[in-house]
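The structure under discussion appears below in the form of C-alpha cells.
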Amino acid sequence: MRNRELTRPEKSQATFEPRIVAFFCNWCTYLAADLAGTSRMKYAPNVRVIRVMCSGRVDPQFVLDAFAHGADGVFIGGCHPGDCHYQEGNYKTLRRFHLLKRVLQQMGIEDERCRLEWISAAEADRVRSTINDMVEKVRALGPLDLIPTEEKVSAEEVAV
Amino acid sequence: MPEIRSPVDGANHEPPRIGVYVCHCGTNIAGTVDVKAVTEYAAKLPGVVVSREYKYMCSDPGQALIQQDISEHNVNRVVVASCSPLLHEPTFRRVLSRAGINSFFLQMVNIREHVSWVHLDKQAATEKTKDLVRAAVRRVALHKPLQKRRVPINPNVLVVGGGIAGIHAALTLADAGKQVYLVEREPTIGGHMAKFDKTFPTLDCAACILTPKMTSVGSHPHITLWTYSEIVKVEGYVGNYKVQVKRKPRYIHEDLCIGCQECITACVYKEGKTPDQFNLGLSKRKPVYLPFPQAVPQKVVIDPETCIQFKSGKCKKTCVEACGERQAIDFTQTEKFEEIEVGTIILATGFKTFDASRHPYYGYGRYPNVYTSLEVERLINAAGPTGGEVVLRDGTRPKSVGIIHCVGSRDANTNRWCSKVCCMYSLKLAHLIKERTGAEVYNFYIDMRTPGKGYEEFYDRLLDEGVHFVRGRVAEVSDWAVHPSEEGKLVIRAEDTLAAFVRRIPVDMVVLSVGLEPQADAQEVRRLFNISCSTEGWFLERHPKLAPVSTFTEGVFIAGACQGPKDIPDSVAQAGAAAAEALALIDAQFVELEPYTAFVSEEECSGCKSCIPLCPYQAISFVEDKKKAAINEVLCKGCGTCVAACPSGSIQQNFFEDDEIFEEIEGVLAYA
C-alpha cells in the first residue's frame, strides 16, 4: 500500500472552483469526450481527464488518492453494461463502485462528489451534460474538507 | 505460439530529461489556450530540459524539432500537448523510435478535443492545460521502455453480409488469393440490390451488373459461401479470431440439390399461399421455394412454418417424389454450428427501410394504393410479381402518381438524418413509372439532393421529361374528396413552399420514398463483434475521414450501408477499401499489439486467487507449485481489471502502472 502525504491546498469558499478528476475508459467515454471536442460542445473547464483502457482499471485507491490530494469530485466514465470492450470490466467497476461509495459515505464525502456514468462513444452530449451537472452540484457543496480541525470537533464527541 | 516481446529488458536508468512540446494546431488550440504561457510554465517543471511551442507539431518540421532535441539535448522523455492520443500517438511514437529512444517514453496531452474545442474562457483553458501538462511530465518520468507484441495473422477473412458490399469485398479478397468465408442470413446473397430493376443515374439493369458477381461468389474456389447462416460467437483478437457460425436448416442438402425446382412444381400446394418476402408480400410463394430466379446458391429452401409435413407430418411428400434419386430433401435436418478461424472480419450487414406505417397520415397500410418505394421497385422489376407492369392493386394502370420524398428521413419525429439515396431513387422511379405507364408523376420534396457523378444531370433530364416537382413536405394523404375531380382518388395535401399556397393533388397511386435505417439487430451484431454504434445506430467508424472503414476493434472493418446511408457506388468503394485494409494487415504477415498487458510480481503475490475469476479471457492461472498467480500475456488483452483488484498490489499493467496513474492524479491536482 502506498503512503502519501496529504497535500491539500487551502481553499476559500469565495473563489471556489471545483476540481474534478475523471477516469475515462479508452473505448467509450474517452471517445465520447473526443467527440464532444470535434462537435465543439462547450462545458465547464473543471474536469481533468485521466485515460485508462477500461473503467475496470480504476482502483478505488485512485479515487481516494484524488480526494486526498485536493479533488472535490471524481467522475468515472465507462461503457454501457453489455458494451464493455473487455466484455465485463464495467461490471467489476460497478461492483467496486458500490463498495467504495459506502467507504466514502463513512468518511463523510457526499454522494454527489463521486459519480459513475455509462457513456458510449456516441454520447458526446452526455459528457457535456454530466460534467456541467457535476460541477454545479459540487460547487453547491463547496470545497471538500477531509481534515478535521480542532474547532470542528464538538465537545460532545470528545466527551464519550 | 505467437512471438511475444514485452516488456523490454534493461530499462533505461538514466535520469529523465523531459522535452515538452505544445502544439498550436493553427488556431485550433492557440485560439483558446495561451500556448506561450503553458510552454514557459512547463519549462520550470522538474525534469524538463526543453519546452517548445510550434504551429503544427505533427508536421514534418514539428516532428524534426522533437527528433533534434532528442539527439542534441539528450531528451529521453517526451510530452506532446496537442490533439487526442487516438489521433497522433502513433505519429509521435514513430518520432521517438526514429530518434533512437523507446517509443513508450511518450505521453500525449489532449488539449484540443478536451480543452480548446470545449472551453471558451481562455484563462480557465490555459490553467487546465497547465494541470494536464504537469501531470504528463510527472507521469512520463516513470515510463518504462516497452515493446509492441508481434503476433502472426491468419490470412483467412470473414465477410458478414452478402449484399453488394459484402459480395464486392469477398470477391476482391478471393481474387487476391485469400480464403474468404461469406456468411449471409437470407437463403440467397444479393441483398437489396437484387430487388431493384434499374440503378440510378445510368439506368443500367441491376440484375445485369449484380448477378455475374453473385455467380462468381458462388463458384469462386477461394470463397466458402454460407447462406441462411448467422454468426453466433466471436472470440480472439486481430489476426486470430475464432468465429462460430450457425447454419439454419433449409431442409435441403445443399450439395445434392441441383436447383431444378421440380419440387416446387410438385408441391401439394397448387398455388403459393405465403406472402413472398422477396417481393415484399406483393406475391405468394409455396412452402418450398427459391427466393428469386437468379438466387445464389441455386438451392431451394423449405419453410417449416407453412410446410404441411412439418405442421401435421401427414403430407404426401410429392416434393420428395419429384426429387427422386437425388434425395436432396431432408425433413430431419437440424441447425449446425461451424467453427472457423479468421484473421480479419468485414461487416457489410446493410440497412433496413423505414417502416412507412409509422407515419399514419400518409395512409400506408390503410389505403391499398399507397406503396413504399421498395414495393414499387418490385413492381417495376421484370422478374417481379407483375412482370414489370406498374399496376394498382386492382390491376389497372395508374394515370397519376405522387412520390413523397423524405418519409422517415430529415424528420425530428422519426429519423433526423438524410438517407442520401431517396432523392435519386425517387427520380429513377419517376422516370420508370412515366416510361411504363405514361402517368403524370408528381414529386414532393423538401430539397433536391443530387450530389454525385451524373446525378444532377439526371434530375435535369427528369425536368425535361415533364415530371412535376412540388417543393413542400406532404401533410397528409387521404381519400376525402372535396371536389368531383378527387372522387375515388388519393388526395395529397402539401404546402407548395415555392408558390406559397396549399395544394391538393389527386392521384391514383402514392409512392412513399422510405429512408434507410440501421438493421433491427444492429446493436446485437455490434456487441458480437465488439464495435460501437453512433447514436443513430449505424456502425461507428474509427475516424470519419481518415479511417472510414476501420473500427475501434482492430481487424474488424465495416463497409456499405451498415455504416450509414449509401448508394451502390459508395458501398462498392467502401467494400474495396475494407478489402484493401484487410489485405494490408494480412500481407504484413504479423500484427503489432499494444503492450498494455498485465504482469504479476511474484515476490509480492500472496496467492489469494482473487484475480483469477475476474479475467474474462481466462488469462490468469494459478501456479500450484509456486502458489502464485501467473498471467498469460498472449491471452491478456490489457483491460487492467485484475490490477485494480489485486489486494497486495502485485499485479501491474504496462503503461498503466499504479505509480504512473497516481502521478497523473496528483499531477493534475497539484496547485502551481
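Before moving on, here are some points about what is shown:
- Normalised by residue count, the protein assembly as shown yields a Cα convex hull volume of 232 Å³ per residue.
- Three-way shape call for the range B:145-288 based on the alpha-carbon gyration tensor, with the a/c threshold at 1.5: prolate
- Using only side-chain charges placed at the Cβ, +1 for Lys and Arg and -1 for Asp and Glu, the dipole size of chain B relative to its Cα centre rounds to 900 debye.
- Among A:75-81, B:640-646, the order from most to least packed when residues are scored by Cβ within 10 Å on average: B:640-646, A:75-81
- When +1 charges are put on Lys and Arg Cβ atoms and -1 charges on Asp and Glu Cβ atoms, the dipole computed for the protein assembly as shown relative to its Cα centre reaches about 940 debye.
- Using R0 = 30 Å, the C-beta based FRET efficiency linking A:Glu110 and B:Leu142 works out to 0.40.
- Residue-averaged [θ]222 nm for the protein assembly as shown, counting only DSSP H segments that reach four residues, each worth -39500 (n - 2.57): -8500 deg cm²/dmol
- Packing around the peptides B:570-580, B:308-318, taken as the average count of other Cβ atoms within 10 Å per residue, puts them in this order, highest first: B:570-580, B:308-318.
- Loop trypsin sites (Lys or Arg not before Pro), the range B:527-618 (other Cβ atoms within 10 Å of the site Cβ: 15 or fewer; DSSP): B:Lys545, B:Lys609
- Label zone of A:Glu17 (point 7 Å out along Cα→Cβ, amide N under 13 Å): in the range A:34-78 this covers A:44-48.
- Cβ-derived FRET efficiency at R0 41 Å, B:Leu463 paired with A:Lys137, nearest 0.05: 0.10
- Fewest-first sequence of B:Leu96, A:Leu99 by Cβ atoms within 10 Å of each Cβ: A:Leu99, B:Leu96
- Take each residue of peptide B:132-140, count the partner chain Cβ atoms within 10 Å of its Cβ, and average: the result is 1.
- Each of B:Thr215 and A:Arg95 was given a label point 7 Å from its Cα along the Cα-to-Cβ line. The distance between the two points is 5.8 nm.
- Overall form of the range B:262-326 per C-alpha gyration tensor (a/c, 1.5; a/b vs b/c): oblate
- Put the Cα centre of the range B:616-656 next to the Cα centre of the range B:283-346 and the gap is 49 Å.
- Pairs of lysine residues in the range B:152-235 that meet both criteria, 8 or more places apart or on different chains and Cα atoms under 25 Å apart, total 4.
- Extended-chain gain in nm, criterion 0.36 nm per residue less alpha-carbon gap, B:Lys36 and B:Ala64: 8.1 nm
- Cα-based radius of gyration for the range A:18-158, normalised by 2.2 N^0.38 Å, reads 1.10.
- Averaged over A:126-132, number of beta-carbon atoms from partner chains that fall within 10 Å: 1
- Extension gain for the segment B:Val49 to B:Ser606, taken as residue separation times 0.36 nm less the Cα-Cα distance, is 196.4 nm to one decimal.
- Within the protein assembly as shown, antiparallel bridges make up roughly 45 percent of the DSSP beta bridges whose residues both belong there.
- Orientation-averaged projected area, Cα convex hull of chain B (nm²): 38.0 nm²
- Taking all Cα pairs closer than 8 Å and separated by 6 or more residues, the relative contact order of chain B comes to 13 percent.
- Beta bridges per DSSP, both residues in the range B:353-517: antiparallel share near 40 percent.
- Among the residues of B:115-121, the average count of other protein chain beta-carbon atoms within 10 Å of the residue beta-carbon is 6.
Throughout, read-outs are computed from the coordinates displayed, never taken from laboratory work. Nothing here was measured: the structure is a model prediction, and the numbers come from that model. So basically every Cβ, Gly included, is an ideal-geometry build from the backbone, and we count neighbours across all protein chains shown.
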